[in-house]
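As structure tokens, the structure follows; a few thoughts come after it.
No lab work stands behind these numbers, since they all come straight from the coordinates. Source: prediction; values computed, not measured.
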Amino acid sequence: MTSGRRFTDQPFTVAVCGSCAAQPAQLLQMLRASIRRCPHGMLVTTECLRGHLSCATRPSNEGVLLLLQPCSAQRLPTGPARWIGPITTTADARAACDWLEQGNWQRRTLPDHLRGEANLVRPSVRN
């Protein structure tokens, strides 16, 4: 029995920063399941996506960051990389996985609070 849902067949690589959260195990399980449904998807875990100094100064509850890289079947980049996150809840993880599976990786189709490029900049402190 099939759900009728289609998953992208566009090649992509998703990198997840294991330094952003102490135990991103549930997120990793969700990502693995989603990426398995996409025939040309690949998941990579890494120590740090933003640089060790940047990660070291982030609050520990700030969530996990992902980086999506659209690519060819030979893993050559075919477009700009997109930051996703921070992912702080199961609902965030589900939204990110759904967005990845759909294959329409336009920033406007990702919930505002998961558009990583905007969220990577710290708000300025006003005196």
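You can think of it this way: the chain between LEU28 and ASP98 has 23.8 nm of extra reach, that is 0.36 nm per residue less the Cα-Cα gap. Here the Karplus relation 6.51 cos²θ - 1.76 cosθ + 1.60, evaluated at θ = phi - 60°, turns the backbone of region 26-41 into coupling constants of 5, 4, 4, 4, 5, 4, 4, 4, 5, 6, 4, 6, 9, x, 10, x Hz, with x for every Gly and Pro.
Compared with the alpha-carbon gap, the fully stretched path from GLN106 to ALA81 is longer by 7.9 nm at 0.36 nm per residue.
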